[in-house]
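See below for the structure under consideration.
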Amino acid sequence: MHELLNDPIDVLVSFKDNRVFPHTMRWNQKDYKIKDVNLVHSAREGSKRVFFFSVSDSNNYFKLKLDPEVLEWRLVELYTDG
Amino acid sequence: MDKIIIHIDMNSYFASVEQQANPLLRGKPIGITGKHGSIAMSGQRIKVNTDGVHDRSVITTASMEAKLLGVKTAMSTWEARKICPSLILWPGDPHKYSEITERFNKIYNDFTTKVEAFSVDESFLDVTEEAGDYFTATFIAQMIRARLRAECGEHITASIGIGPNKLMAKLASESMKPNGLTVTRPEDTLKLLDSRELDDLCGIGPRIKQRLNMLGVETFKQLREFPLDSLESEFNRYGTWLHEAAHGRDSNVIQSSTVHGLRGMSTETPKSYGHSYTLPRNTHDKLIVKRYLLGLADKVAWRMRRDNFAACRITAFIRYGDFSSHAEQRTFYIPTNDGHKLFQVAWQIIGNCFAGEPVRLVGLSASKLTHKPGQQSLFKKEQKIQSVLPALDSLQHRYGTGVWTRGSLVKTHFKQRSSGFHFDHLV
Ligand SMILES: [Mg+2]
């Protein structure tokens, strides 16, 4: 099942070497522990740059969007096996 | 003089990027489709159609697993699903791919300044001076592979070929997929050529192969032995190229230019700007076709103005529901980069031959590019439009495309997509 969404989420992160590492995210009152950060890329949205984190736990793929100007995280894509 | 050229070609590029991003897709047959899904609003959930039913898109890239099961690039999603029912269809994400493309070209630039981004997933590197010999060139290739792994991800793999010119380097890289490294020194080029089919060589298509076959030429060895003057009388200047190519020779140099590249990445100066669009539904409606064409013309014009180009030739094309198509071009003396002018010319072409048959795709491209802006128009109205265009463009730069649209376009909505033939999201 592959879904596109745009839900504000809470993400617990750490910073290291000027980089952001998401660890846990809370979506729909549920916590998901992020196992792997597979790919990080950015894209222009008008004049600003936003960042996309393609992450996963063992059952789900999540694409998270970070707007660095307002430090807001959103879940924009979800894929679950089967 | 022989050079040392490295050709690097990403394997099943778009599909590999998706498999890098999403571990649940690894090891599975996936097909990247042309159209990108819509964007969800806050709180909305849109289910992406992964089974291809009702989808009229084509496969732009098949993963290695899908290729093994018979799925090919440019196959319709419908046909691909028939061949491979377990195929997962995944909408392309052009922004992601172009950023990764930028990323690997930057890595290449750390090894040599002579980098030519040949396509979205292929580049040529001239390492003649940096390497000095083939042993060092191989070492450079291995260092590049290690950096690709670290900075793009281990699932984004590349085939690498090293040779004395672009043609041979590319033929070498294509001999081992995925993840190959094939070295062809000048003394090995004939052996490489003789192990391949005529149309394996970049520059020999199926039609040329057929014509060569009719002349009794089936192999590169036979092509080498074919008299040069007969080749030239059959193919003109292309005959000379064929003769040279059969000897493993190619005088093409690396075309690196950073000035007009894709967002700062080095590419050759564009030869044309084009956009095409597959309509969401086939239409008989002239007005709808007209609106899409105007939208496409505006996008092409905007890209030309951004890069400071104007065009003297417009090619417009239309494809009908039965897949028949029509393309025609017009050339004019005064270069233009005004979308409305481009549209007018394109519509002259398309409007003339379109009698209400169902239309599937429209497109246009602008070529014969020049840096010289067109002379100031004598007509007041045109002058006004010319002075307003730069202002509109600065809006577009700041807020992304889609900020301004002409009044007549308001109802026309373009879906973002990555097409295998026109990597055209860079509006
Ligand atoms: Mg490739």
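Descriptive notes on the structure:
- Yes/no for B:Gly203 being at positive phi and free of Cβ contacts under 8 Å to residues at least 12 places away in the same chain: no
- Residues satisfying the stated conditions in segment B:296-337, i.e. under 18 Å from B:Tyr277 (Cβ atoms) and among the basic types (Lys, Arg): B:Lys299, B:Arg303, B:Arg319
- Considering B:Ala146, B:Ala150, B:Ala137, the condition of being in a helix (DSSP H, G or I), over 24 Å from the mean Cα position of the chain (by Cα) and within 14 Å of chain A (Cβ to nearest Cβ) is satisfied by B:Ala150 alone.
- Qualifying residues in segment B:158-196 (those that are more than 18 Å from B:Thr128 (Cβ to Cβ) and of a type in the set (S, T, N, Q)) - the one farthest from the ligand (Cβ to nearest atom): B:Ser195
- Test for A:Val40: is it under 11 Å from the mean Cα position of the chain (by Cα) and facing chain B (nearest Cβ under 10 Å): yes
- Qualifying residue in segment A:53-70 (condition: away from chain B (no Cβ under 13 Å) and surrounded by 19 or more Cβ atoms within 10 Å (Cβ to Cβ)): yes
- Residue match in segment B:98-108 (condition: away from the ligand (no atom under 16 Å from the Cβ), touching a Pro at 6+ places or on another chain (Cβ under 8 Å) and at pLDDT 90 or above): no
- Every residue from segment B:1-42 that is modelled with pLDDT under 80, part of a loop (DSSP other than H, G, I, E, B) and within 14 Å of chain A (Cβ to nearest Cβ): B:His36, B:Gly37, B:Ser38, B:Ile39, B:Ala40
- Residue match in segment B:75-89 (condition: at pLDDT below 90 and in a strand (DSSP E or B)): yes
- Considering segment B:113-139, and only residues there that are more than 22 Å from B:Tyr13 (Cα to Cα) and hydrophobic (A, V, I, L, M, F, W, C), the residue that is farthest from the ligand (Cβ to nearest atom) turns out to be B:Phe135.
- Evaluated against (1) more than 22 Å from B:Arg26 (Cβ to Cβ); (2) among the aliphatic types (A, V, I, L, M); (3) within 9 Å of chain B (Cβ to nearest Cβ), A:Leu78 falls short on exactly one condition, (1).
- Among residues of segment B:8-21 that are more than 9 Å from the ligand (Cβ to nearest atom), those with a Cβ under 8 angstrom from a residue that is hydroxyl-bearing (Ser, Thr, Tyr) and part of a helix (DSSP H, G or I), sequence gap 6+ or separate chain, pair up as B:Ile8/B:Tyr108; B:Ile8/B:Ser173; B:Phe14/B:Tyr97; B:Val17/B:Tyr97.
- Flag for B:Glu65 being within 14 Å of chain A (Cβ to nearest Cβ) and under 29 Å from B:Lys170 (Cβ atoms): no
- Candidates are the residues of segment A:1-34 that are acidic (Asp, Glu) and either in contact with a strand residue (DSSP E or B) (Cβ under 9 Å, 6 or more places away or on another chain) or within 30 Å of B:Leu87 (Cβ to Cβ) (or both); the one that is nearest to the other protein chains (Cβ to nearest Cβ) is A:Glu3.
- Scan of segment B:133-188 for residues that are free of Cβ contacts under 8 Å to residues at least 24 places away in the same chain and aromatic (Phe, Trp, Tyr), ordered by number: B:Phe135, B:Phe139
The values are calculated or read from the model by the stated rules, or taken from the named source; none is laboratory data. Quick caveat, the model's predicted, so the values are computed rather than measured. Positions of Cβ are backbone-derived with ideal geometry, glycine not excepted, and every protein chain shown enters the neighbour counts.
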